[in-house]
1. Yes or no: residue 51 free of Cβ contacts under 8 Å to residues at least 12 places away in the same chain and either within 18 Å of residue 101 (Cα to Cα) or loosely packed, with under 12 Cβ neighbours inside 10 Å (or both)?
2. Pairs, please: C-beta under 8 Å, at least 6 apart or cross-chain, first residue of a type in the set (D, E, K, R) and in segment 54-73, second in a helix (DSSP H, G or I)?
3. Conditions: (1) over 22 Å from residue 36 (Cα atoms); (2) surrounded by fewer than 16 Cβ atoms within 10 Å (Cβ to Cβ); (3) among the hydrophobic types (A, V, I, L, M, F, W, C). Residue 96 meets all but one. Number of the miss?
4. Identify all residues within segment 59-73 that are exposed (fewer than 13 other Cβ atoms within 10 Å of the Cβ) and either over 20 Å from residue 2 (Cβ atoms) or in contact with a strand residue (DSSP E or B) (Cβ under 8 Å, 6 or more places away or on another chain) (or both); write none if there are none.
5. Could you list, in sequence order, all residues of segment 18-35 that are farther than 19 Å from residue 89 by Cα and either surrounded by fewer than 17 Cβ atoms within 10 Å (Cβ to Cβ) or at pLDDT below 95 (or both)?
6. Applying the selection to segment 80-103, what residues are in contact (Cβ under 8 Å) with a residue 24 or more places away in the chain and not small (Gly, Ala, Ser)?
7. Assess whether residue 83 counts as being modelled with pLDDT under 90, out of contact with any Phe, Trp or Tyr (no Cβ under 8 Å at 6 or more places or on another chain), part of a loop (DSSP other than H, G, I, E, B) and in the same structural domain as residue 13 (by TED's automatic domain parsing).
Amino acid sequence: MPTPQPEWFVVRTKSRKEEQALRSLDRRGITAFCPRILEPVGWTNDWAAVPLFPGYIFVDVVLHTAYQAVSWSPGVKGFVSFGEIPSPIGRKIVDFLRDQTAPDGIIRPDRAFRAGERVRIKRGPFAGLIAIIEKPCPERGRIRVLMDFLRQGTSVEIPLAAVGRF
């Protein structure tokens, strides 16, 4: 009988316990991944790395052999499932996220925009509208744009991926 191959699963963590869950899974020899992005800390100029998906991490396991070890790890609430059995997610999804992650574990967009540059909104409720870059925030994956919305200049912060060159 062939040896089952590990698959990626999504695991729900206890509130703000992603790091604890990652450490406890690592001690058990389980591969886990938690992509992070940068966000500002309060009203300071400091930035903190926070989970891209708060309350969730990815684990690469053979389900029937690692289910108990993952489920009973400190910081873990349980597997995300649809029905009674946890559902694996595509390896390509996790590979994509890992490819976007720098060696320090943080996802940083690589596209640079300059203040004053005109862009077209590609996604979301403002799709199709033209905006002007007010403040690029590439470190954390968001960008502040100024839009002429109902004849009033409105400043909106949107994901960098929603913006395209005009």
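1. Answer is no for this residue.
2. Listed by first residue and then by second, the contacts come to 60/94.
3. (1)
4. Scanning segment 59-73 gives 62, 68, 72.
5. 19, 20, 23, 26, 27, 28, 29
6. Within segment 80-103, 80, 86, 88, 89, 91, 93, 94, 97, 98, 100, 101 qualify.
7. yes
The values are calculated or read from the model by the stated rules, or taken from the named source; none is laboratory data. Bear in mind the structure is a predicted one, so any value in this text is a computation, not a measurement. Every residue, glycine as well, gets a Cβ built from its backbone with ideal geometry; the counts of neighbours run over all protein chains shown.
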